[in-house]
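Structure, as structure tokens:
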Amino acid sequence: SPAATELETRVMDWLGEMIGLPEVFLSRGGVGGGVIQGTASESTLVAMLAARERMRRGGDGGPLVAYASTQAHSSVIKAAMIAGVARGPEDRGGVRMIDTDADFAMRPDLLETAVRQDLAAGKRPFYVCATVGTTSSTAVDPLGAISEVLDRAWHGEHRPRMWLHVDAAHSGSACICPEHRWMLTGVEGADSYCFNPHKWLLTNFDCDCFWTRDRASLTRALSITPEYLRNTASDSGAVIDYRDWQIPLGRRFRALKLWLVVRHYGVEGLRAHIREHVRLAELFESWVRDDERFEVVAPRTVNLVCFRLRGDGPGADARNRQLLGAINGSGGAYLTHTVLRDVDGRDRVVLRMCIGATTTRERHVRATWDLIRGLADSA
């Protein structure tokens, strides 16, 4: 459907401008462009396939290696398994997991060390996934410093530059507000970027927005054109065929619901939605800090607060798991947990309060905190 394609192309350019992406990621330049995938996991995979294609066109060599932080989403490893880069979920030869700093963001110095080790061993580093808003704590990897590592490892015409993909699945929605675009500092050095409007931008599932500055590598990796799909417009390159930008051949008209959200709320309405949730998260964080029984265990970047009952060791973890079970069993609220490693190398169970639902108001957040405080007495 040419009309559906046209709307998707325009909506993706509009949204790219709204969140402050560089011009090179927009379609009007003819080099980059945006497409709506189902989930960020799909974007991670298609970016990896594009990266593999670009590296292979640079010549033969040793085995491919992908990189992500220890806090990156599990979809990176799954994508590597599908792409034939990793033999299984525990393969750390095909996927190198880079340690993080005290704020749970990837350490560029350790990334550079890993890349240089693999180059010296005859391997081919080809793909890095940086995260803007990690799943466990919404930590933000330093995009600019990571891009500089890739530049230093690049040998010009002797080897294609590694592909830098930025996964902003959850936190990327906040970039519609200028004050949160610090998270995208250095994104101009990335090859692809994605976030999920279905997570925090009032859009129904499924809707992942994916942009690339190198559409040629993407389409070369995914294009196959049997005779029954041939036509003059496609063969001449005069049109965008989104079937070549994704895994399946057929696709849904997801652009319509995204257009309706933008049309209904407007940019300022979407910004107000994000800002209110950030305000509520900041308020909840202040209550946690004021209660000596609790501690905040990770920096809050947007709308997620990581906290726990104070204490160390298995006994403290058991108390936090008991509190989590009591909260969720009450029917009054639902929280999720994760495990984060502290500066002393100890893994600790952490509770997470995420404020992002369409109808959440301050009274709901206050009621949840009252519930948590009451249940903490018996945990």
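The table that follows gives values for the structure above.
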quantity	calculated
Residue match in region 110-118 (condition: part of a loop (DSSP other than H, G, I, E, B), open to solvent by less than 60 Å² (accessible area, probe 1.4 Å) and of a type outside the set (V, I, T))	no
Options H198, H180; residue that is open to solvent by 10 Å² or more (accessible area, probe 1.4 Å), more than 23 Å from A66 (Cα to Cα) and without any contact (Cβ under 8 Å) to a residue 60 or more places away in the chain	H198
Among residues of region 299-317, those that are open to solvent by less than 60 Å² (accessible area, probe 1.4 Å), without any contact (Cβ under 8 Å) to a residue 40 or more places away in the chain and part of a loop (DSSP other than H, G, I, E, B), counted	1
Subset of region 65-76 [closer than 13 Å to V128 by Cα and buried (at least 23 other Cβ atoms within 10 Å of the Cβ)]	V65, A66, Y67, A68, S69, A72, V76
Candidates D141, D91, D151, D118 - the one that is at pLDDT 95 or above and among the charged types (D, E, K, R)	D141
Flag if V350 is modelled with pLDDT of 95 or more, assigned to a loop (DSSP other than H, G, I, E, B) and open to solvent by less than 40 Å² (accessible area, probe 1.4 Å)	no
Residues that are in contact with a Ser or Thr (Cβ under 9 Å, 6 or more places away or on another chain) and touching a residue at least 40 places away in the same chain (Cβ under 8 Å), drawn from region 340-359	L340, V349, V350, L351, R352, M353, C354, G356
Residues satisfying the stated conditions in region 1-52, i.e. of a type in the set (D, E), open to solvent by 40 Å² or more (accessible area, probe 1.4 Å) and under 26 Å from G250 (Cβ atoms)	E6, E42
Number of the exception - T368 against (1) within 29 Å of T70 (Cβ to Cβ); (2) open to solvent by less than 20 Å² (accessible area, probe 1.4 Å); (3) out of contact with any helix residue (DSSP H, G or I) (no Cβ under 7 Å at 6 or more places or on another chain); (4) not basic (K, R)	(1)
Test: residue in region 278-298 that is at pLDDT below 95 and among the aromatic types (F, W, Y)	no
Some residue of region 318-340 being within 30 Å of P142 (Cβ to Cβ), hydroxyl-bearing (S, T, Y), open to solvent by 10 Å² or more (accessible area, probe 1.4 Å) and not in a loop (DSSP other than H, G, I, E, B)	yes
Hits in region 287-298 - residues which are surrounded by 15 or more Cβ atoms within 10 Å (Cβ to Cβ) and either in a loop (DSSP other than H, G, I, E, B) or of a type in the set (A, V, I, L, M) (or both)	V288, D291, V296, V297, A298
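The values are calculated or read from the model by the stated rules, or taken from the named source; none is laboratory data. Here the structure is a predicted model, which is why all the values come from computation and not from measurement. In this analysis, Cβ positions are derived from the backbone assuming ideal geometry, glycine residues included, and neighbour counts consider all displayed protein chains. Each accessible area value is taken on the protein alone, full model and side chains, heavy atoms only, with ligands, DNA and RNA left out. Shrake-Rupley method; radii C 1.70, N 1.55, O 1.52, S 1.80 Å.
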